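Working notes, structure below.
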């Protein structure tokens, strides 16, 4: 992988991480089109995901500061309750990461057929969330947090959109659009940061001949900048409730994945 290919894949990651179209699926499609064997190298994936985490923190810096300020008061308040709900949402993905990490890596090597199937599943989820009209809740409950967390854990499958799955699940549970969007983007921070730290501790994070440092830097910067744009745009899209158009896109992308598989 050269710096230009990394730049393009970083842009793909940054945009698709927040849009409900599956970043992992698009990275795999992009790697196939560039004839890059990046699926087996987790270092690049960790770098571009870390970049999108940073862009999330920048976009939500006010709420992030507010949450930490409330947490440091060391008492039960609105902020600590919200953080507790975020923690509950992380339980399913933590279980998946600890007990099924090898199986997940095997699924990622399944090729574009798996990506295509999961993109179609994403399209179905987004369609259901658009047409289903449950009674609206004012706040995301602890039970909802856990269910949305299950959706995030399942969405580790390549082609199954994390943001699409969590937002669609939250909407089908009757939560407000803006609440679900914010919760969906914040709940992914700790799992990605934790994955990066684990890889560092295990010595699995390293550059090699196929992915030099210049490519890593290009991928990180492009993912960060495009992530800033996509995160801001996605918040507005969710508020308007036009996720059904992404369902159409996922169906088309799934078809493309099958064609190139």
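The values are calculated or read from the model by the stated rules, or taken from the named source; none is laboratory data. Nothing here was measured: the structure is a model prediction, and the numbers come from that model. Here Cβ is always computed from backbone atoms with ideal geometry, including for glycine, and neighbour counts include all displayed protein chains.
Looking only at region 23-41, decide whether some residue is assigned to a loop (DSSP other than H, G, I, E, B) and closer than 24 Å to residue 123 by Cβ.
Checked against the condition, which is being assigned to a loop (DSSP other than H, G, I, E, B) and closer than 24 Å to residue 123 by Cβ, region 23-41 yields at least one hit.
Looking only at residues in region 233-247 that are touching a helix residue (DSSP H, G or I) at 6+ places or on another chain (Cβ under 6 Å) and assigned to a helix (DSSP H, G or I), which one is surrounded by the fewest Cβ atoms within 10 Å (Cβ to Cβ)?
Here the answer is 239.
Counting only residues that are modelled with pLDDT under 90 and over 22 Å from the mean Cα position of the chain (by Cα), give me the helices (runs of 4 or more DSSP H) lying completely in region 56-142 with at least 3 of them.
none
Take region 187-214 and flag every residue that is more than 14 Å from the chain's Cα centre (by Cα) and either assigned to a loop (DSSP other than H, G, I, E, B) or modelled with pLDDT of 85 or more (or both).
203, 204, 205, 206, 207, 208, 209, 210, 211, 212, 214
Please verify whether region 159-173 includes one or more residues that are at pLDDT 90 or above and not in a helix (DSSP H, G or I).
Yes, region 159-173 has at least one match.
Take region 121-130 and flag every residue that is farther than 15 Å from residue 178 by Cα and in contact (Cβ under 8 Å) with a residue 40 or more places away in the chain.
Those that are farther than 15 Å from residue 178 by Cα and in contact (Cβ under 8 Å) with a residue 40 or more places away in the chain: 122, 123, 124, 125, 126, 127, 128.
Evaluate the following for residue 153: is it within 15 Å of the chain's Cα centre (by Cα), surrounded by 19 or more Cβ atoms within 10 Å (Cβ to Cβ) and closer than 22 Å to residue 26 by Cβ?
yes
Test residue 17 against the criterion of being surrounded by fewer than 18 Cβ atoms within 10 Å (Cβ to Cβ) and either free of Cβ contacts under 8 Å to residues at least 12 places away in the same chain or under 23 Å from residue 236 (Cβ atoms) (or both), and give yes or no.
no
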